[in-house]
Every structure is written in C-alpha cells, then in structure tokens.
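Colleague: Below is a structure I'd like to ask you about.
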C-alpha cells in the first residue's frame, strides 16, 4: 500500500529534486524546487503531498483553503504540473495522492495544466480512478513558435508585413540594450517602465525581483531595455532554458507609444534568442492577446481540471455552478476540451 504524506514546507521538494532521476521531463522554469521556494515566500501557505514506493516518489505542490485544494502557483506561473516518475509506477503514486486528498477537500481544481506532454490527461485519469468526478475544460491559451532550424532573418521575413514595416520606420528612434546578469540599476529601469505602462500593478514585485536574480545567477536571464533620449521606455523580461525562451513580462510607456519601442525591443530579443541562444521554441506564456499572433505561429490550450468528491454535499453545489457556467458559454465558440471525465 502506498501512503500519502502531507508537508507544510517546500523543503521536501528540494530533497526530491536533489535525488537522481527526480523532477519533470522537459522542465519549465515553474517545475523547479527554487520556484516553489519563491512562491512559499509570498502569502501562500504550501500543502505539499507526497507518495513514496521503494525508491520512487511523487508530489503535488498545492494550497488548501476552505476545504478546496488548488495548485501552489500565482499569476507568474505559465503552467502547473505534478512531480512524478513516468509510466504506471508514477500513475499509482499520483493516484495515492488523489485518493488521500478526498479526506482533505470536497474539490480539487488544477490549472493551468498543459497536455502536450500528457499532464492533463494523466491527472484526469488518476483522479477519476481515485473516485473523484472529473470535469476538464480549456481555461487559457498559450501562444508559441517552433523555429525548426530557422535563423532570425528567415523567421522575420515570415512575419506580417505591417510588423516588419513598423520596425523599418521606427527602429532608429530608440536604443536597445540586452542584459544577461542581474543588475540593480537595470532592474529599477524595468520597474519604472512597468509602473508607467498599461499593465496592472505588479502582484508580487519582491518575488519577481528574486526570480530575476536567481535566473541571472544561473545564466538564464535575458532582460531587455529600449531607451529614448536617455530614458527607458520599454522593458522585457525573458529567460532561456533547455532550448526554450520564455517571455515573462513586457511593458512600455503609454506616453511613448508612438515610438513603437516595444516592437523594436521585441525584434532584438527574438533575434538574440534565435541567433545567439539558438532556442528551438519561444513561449509567450498565457493569454490570447491579438498582438501575440504577429510574433507566434501556433497555439495550444491550458486546461482546468475540476475534481469533485460527490460523497460530500458541497461538491454537488460546485457541480451545479460548473454546469451553469458552461450553459452561459454555450453561445460562445468553445475552446478545445479533453475527451475525459467520469
């Protein structure tokens, strides 16, 4: 029998990731023990659930509030996934965790979960086997581009004509600098641009700064600034990892939109990632904003997996709410749905 254990500290994840063969295949920046440690430094209270058999171990990094369980994540996380070995052994460990969670909550909601690596399908399956009613729906969109060996020149020649025209006309209006090491002064420029942009107030600025410092120390940071007459007017935060460039943050002065500094800076960041870092893929995070289509070529859904324990009365109330929500969306073109549920 596999027993699930509960932990209120992310330290157990650090131990797991330190073990040979631990972690997630093709990890993102959001699949590391260091990322969860940053999240634990905010106002989130971790609930780490682990299951072990022999030398195999699985975990889900979660939070628990009002008898409802959700992932340990915030708005900076592109994706959330469980940590488990591949194959049937990993499935059994995850099923043990899912079974145990029925003693803690009437509902588990996991999002945004990718499925290009099978994570969403796997979670839906193990929770269903553990006795939960599983509802899966697309909750967000990820825009990305696969380079397939293209250099920047070829990639750029395939962009929309209006975008290329904007760069030709406006590139000379700003100067661009790209930074790979964290620097306090450069980060202050980034924060000033963000504060003056159209973006909402930064949710966890101290966490984001710590993340940038961490990525800079590891050589993964790419921080770009565009300046006009000595003033930073656009800024972008990227990281590079395992052949993928992740676009975390971008902002520009609303008062200087006429300069198209964001376009000029983006072109420089793309060129550096493609020709210098030689990435295979560029990931534009979550959100279906129209401007992303000029730079990206493909989309893939991010899923929400709602797991309801129908032996608990509160789960029936939540199921009714989910059904009502889908009725309201009936006249809207549906996002892709996974063919699963019980």
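Just so it is clear, none of the values below were taken in a lab; they were calculated from the coordinates. The structure presented is a predicted model; accordingly, all values stated were derived computationally and were not measured. Positions of Cβ are backbone-derived with ideal geometry, glycine not excepted, and every protein chain shown enters the neighbour counts.
Colleague: Please work out the C-alpha center-to-center distance from the stretch 85-146 to the stretch 212-290 and express it in whole Å.
Modeller: Here the answer is 32 Å between Cα centres.
Colleague: Among 275, 31, which comes first, second and so on when ranked by fewest other beta-carbon atoms within 10 Å?
Modeller: Working: 275 13, 31 21.
Arranged by neighbour count, lowest to highest, 275, 31 become 275, 31.
Colleague: Something else about it: From Cα pairs below 8 angstrom and at least 6 apart in sequence, can you work out the relative contact order of the stretch 98-196, rounded to a whole percent?
Modeller: 17
Colleague: To continue, here is another question. In nm, give the distance between the simple-model label positions of residue 275 and residue 181, each being 7 Å from the Cα along the Cα-to-Cβ direction.
Modeller: Calculated label separation equals 2.4 nm.
Colleague: With an 8 Å Cα cut-off and a minimum separation of 6 or more residues, compute the relative contact order for the chain in percent.
Modeller: Working: 633 pairs, mean separation 75.6, N = 342.
It comes to 22 percent, rounded to a whole number.
Colleague: List 255, 266, 197 from most exposed to least, where exposure is judged by having the fewest other Cβ atoms within 10 Å.
Modeller: Ordered from fewest to most neighbouring Cβ atoms within 10 Å, 255, 266, 197 come out as 255, 197, 266.
Colleague: Here is a follow-up. Largest first, please: the extent of the C-alpha atoms of the stretch 149-279 along each principal axis, to the nearest Å.
Modeller: 39, 37, 24
Colleague: Give me the one-decimal nm value for the distance between modelled label points at residue 311 and residue 26, 7 Å along each residue's Cα-to-Cβ direction.
Modeller: 3.7
Colleague: Roughly what percent of Cα-Cα pairs across the chain reach past 29 Å?
Modeller: 44
Colleague: Sticking with the crude label model, points 7 Å out along Cα→Cβ, report the distance from residue 146 to residue 6 in nm, one decimal please.
Modeller: Between residue 146 and residue 6, the label points sit 4.2 nm apart.
Colleague: Give me the angle, in degrees from 0 to 90, between the Cα long axis of helix 261-271 and the longest principal axis of the Cα atoms of the chain, rounded to the nearest 10.
Modeller: Approximately 70 degrees, to the nearest 10.
Colleague: Let me ask something else. If each residue of separation counts as 0.36 nm, what is the full-extension length gain between residue 206 and residue 169 once their alpha-carbon separation is subtracted?
Modeller: On the way: separation 37, 0.36 × 37 = 13.32 nm, distance 3.73 nm.
Full extension of this stretch gives 9.6 nm more.
Colleague: Moving on to the next point. Please compute the contact order of the stretch 18-124 in relative form: average sequence separation of alpha-carbon pairs under 8 Å and at least six residues apart, divided by the residue count, as a percent.
Modeller: 25
Colleague: Quick check: the angle from helix 119-129's long axis to the longest principal axis of the chain, C-alpha only, nearest 10 degrees?
Modeller: 10
Colleague: In addition: Any chance you could give the angle, 0 to 90 degrees and rounded to 10, that helix 205-217 forms with the longest Cα principal axis of the chain?
Modeller: That helix lies at roughly 80 degrees to the long axis.
Colleague: Ranking 274, 305 by Cβ neighbours within 10 Å, fewest first, what do you get?
Modeller: Ascending Cβ contact count within 10 Å gives the list 274, 305.
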